[in-house]
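Following: one structure in structure tokens, then a few remarks.
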Amino acid sequence: MSSNLGQNYPYASESDGERAALDRAYSAHADLAAKVQGESMPGPQEPRAWVWKCPTAGCAGLLHTAGQARNARAVYTVCDTCATTYLR
């Protein structure tokens, strides 16, 4: 499997209780919560959310589901380490 194709598949899933890393990213990066709120809508309330590996070079973080993108049909994700946002 090529690495490009593999990046589209989720790495794992997490429960609401395991999503504390996303809250820590919001508190560590001042403008991140406002950016996420402006660029995404709340996603469906499900018991588990998908997690991906962050594709940023040198970042060992995970991308957590933050909602649905406002301007595209995609899942809006945020890295818990580098605070970069991606559409999945």
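Applying the set (1) open to solvent by 50 Å² or more (accessible area, probe 1.4 Å); (2) in contact (Cβ under 8 Å) with a residue 40 or more places away in the chain; (3) of a type outside the set (Val, Ile, Thr) to LEU32 leaves exactly one unmet item: (1). Do you know which of the residues in region 10-28 that are modelled with pLDDT of 85 or more and touching a Lys or Arg at 6+ places or on another chain (Cβ under 9 Å) is surrounded by the fewest Cβ atoms within 10 Å (Cβ to Cβ)? Once the filter is applied, the top-ranked residue is SER15. Is it the case that region 38-60 has a residue that's touching a Ser or Thr at 6+ places or on another chain (Cβ under 8 Å), part of a loop (DSSP other than H, G, I, E, B) and free of Cβ contacts under 8 Å to residues at least 24 places away in the same chain? Looking through region 38-60, at least one residue is touching a Ser or Thr at 6+ places or on another chain (Cβ under 8 Å), part of a loop (DSSP other than H, G, I, E, B) and free of Cβ contacts under 8 Å to residues at least 24 places away in the same chain.
If you take the residues of region 61-74 that are over 13 Å from ALA25 (Cβ atoms) and either in contact (Cβ under 8 Å) with a residue 40 or more places away in the chain or assigned to a loop (DSSP other than H, G, I, E, B) (or both), which of them is least open to solvent (accessible area, probe 1.4 Å)? The selected residue is ALA74.
The values are calculated or read from the model by the stated rules, or taken from the named source; none is laboratory data. Treat the numbers as computed from the prediction; the structure is a model and nothing was measured. Ideal geometry is used to build each Cβ from the backbone, glycine not excepted, and the neighbour counts take in all protein chains shown. Just the protein is used for accessible areas: all its heavy atoms, side chains included, with ligands, DNA and RNA removed. Shrake-Rupley method; radii C 1.70, N 1.55, O 1.52, S 1.80 Å.
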